[in-house]
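Please read the structure below before turning to the comments.
The values are calculated or read from the model by the stated rules, or taken from the named source; none is laboratory data. A quick note: this is a predicted structure, and the numbers were derived from the prediction, not measured. Don't worry about glycine lacking a Cβ; one is built from the backbone with ideal geometry, like all the others, and counts go over all protein chains shown.
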């Protein structure tokens, strides 16, 4: 029998293995086991924005209007038919016109009770555009582009049939203005094409079996536009949704109950947001599309668009449910859905933000926002003594933007096999010199990065600036792709990175790893 020839020289020489992992463009993951996450996710992602091809440090905030005496808790845009926009802010006991940047001017409305107002724009057939504001405590306030009017039973326009100071949460259905009477199951509506007049009641007391009170309502369409098939709906504090179909609530022949669904308890005083023809609800379990309830016998909780960050939202809801400031807003230019989460009331608010193209989530911090609004196409927020603007230059009012990143772990194709990691190479693109700490964590550890990245970017030529045929051509950002020494032995590893940058753009596209493979861990 032949025998194998024994090669001299002892052990086989180990060979270093290089591999590359894309940046975590799928965003935060707070639902999967850390051992099962796709490496394109991140376990920690703070102040990074996941684009379709890489992740970038979020753009910063700037003060828009300063000198306001207390917390700004409502922003109310007024939009005329010709597209002209005016922005009003509510704080404590007054409204201010905050359209122009700079120091705040004199109050335009005063002697109010609180600053937590709900508003909508309503234009009637005569062409008059109203900004209608309700807070269920003070007289409703209407702006008609020339003056503010406190709405009472004898004002012009007037509200009769219900105490106007009890109304909140306005919406429009079939050209009727609807509102909710606080702490009741009553919705009130006005004549067609009117912002006042004799209000009539839609009583849901005998329909909602779980009790509670109404918190919001709206109009939902299945065909993407207004029409007779649109659903009227209202949501209760106990998580029931009541839907009607029809055009005229005064006529039983044109107004009928569609059904009642339980979808889960809403959070905050502004739990409803219309997004691309969909109605999104902020519930304890996450952000839930109303359509999933209206077309199914039971609401499927896995349909929440926050499914990937389910545990993070559930924890925040459990701890901060009663804090004022829960709100959704959408910034179309960046394809960004913003969920404001009040970790503190009046301070320490954070934002879970979703890329509406990819569905990837991230967490923004350092933006203390009580409320949000889109004004002239840009995102504005109300904070402590200030109205601020998001997504300007890459700094926060001249201060650094600090980030944290823990990418999901990878076994690099060999689960259970020990690896000795020696080098990493984050591919960082920037137009400046940021402070970067980069390292690896192995086997699901969570230790902050401690190694300062040697940042010596390759400079590319910029069109119409660099000399032709002399400079290497690239984009406006320079790339840093230096190998960084790291030390770690384990079966899996992941990039851990912290950055601090000011007025410079910073992106991460991928990370290369170099390691030696050992034996199977026994």
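Some observations on this one:
- Residues of segment 90-144 satisfying the condition of being in a loop (DSSP other than H, G, I, E, B) and on the phi > 0 side of the Ramachandran plot: 92, 111, 127, 136
Here is a yes/no grid of residues against (1) modelled with pLDDT of 95 or more; (2) out of contact with any helix residue (DSSP H, G or I) (no Cβ under 9 Å at 6 or more places or on another chain):
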site: 275; (1), (2): no, yes
site: 278; (1), (2): no, no
site: 282; (1), (2): yes, no
site: 285; (1), (2): no, no
site: 288; (1), (2): no, no
site: 292; (1), (2): no, no
site: 297; (1), (2): no, yes
site: 306; (1), (2): yes, no
site: 314; (1), (2): no, yes
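- Residue selected from segment 371-410 under the condition within 17 Å of the chain's Cα centre (by Cα) and more than 17 Å from residue 334 (Cβ to Cβ), by the criterion surrounded by the fewest Cβ atoms within 10 Å (Cβ to Cβ): 383
- Scanning segment 411-443 for residues that are over 13 Å from residue 488 (Cβ atoms), crowded, with 19+ Cβ neighbours inside 10 Å and over 36 Å from the mean Cα position of the chain (by Cα) gives no hits.
- Segment 91-102, subset more than 14 Å from residue 376 (Cβ to Cβ) and touching a residue at least 40 places away in the same chain (Cβ under 8 Å), residue surrounded by the fewest Cβ atoms within 10 Å (Cβ to Cβ): 95
Condition check ((1) modelled with pLDDT of 95 or more; (2) out of contact with any helix residue (DSSP H, G or I) (no Cβ under 8 Å at 6 or more places or on another chain); (3) surrounded by 18 or more Cβ atoms within 10 Å (Cβ to Cβ)) across all residues:
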residue: 104; (1), (2), (3): yes, yes, yes
residue: 115; (1), (2), (3): yes, yes, yes
residue: 119; (1), (2), (3): yes, yes, yes
residue: 126; (1), (2), (3): no, yes, no
residue: 132; (1), (2), (3): yes, yes, yes
residue: 146; (1), (2), (3): yes, yes, no
residue: 192; (1), (2), (3): yes, yes, no
residue: 196; (1), (2), (3): yes, yes, yes
residue: 208; (1), (2), (3): yes, yes, yes
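- Segment 364-385: number of residues that are assigned to a loop (DSSP other than H, G, I, E, B) and touching a residue at least 40 places away in the same chain (Cβ under 8 Å): 7
- Wholly enclosed strands (runs of 3 or more DSSP E) of segment 253-363 bearing at least 1 residues under 17 Å from residue 373 (Cα atoms): 272-275, 278-283, 327-331, 336-342, 349-355
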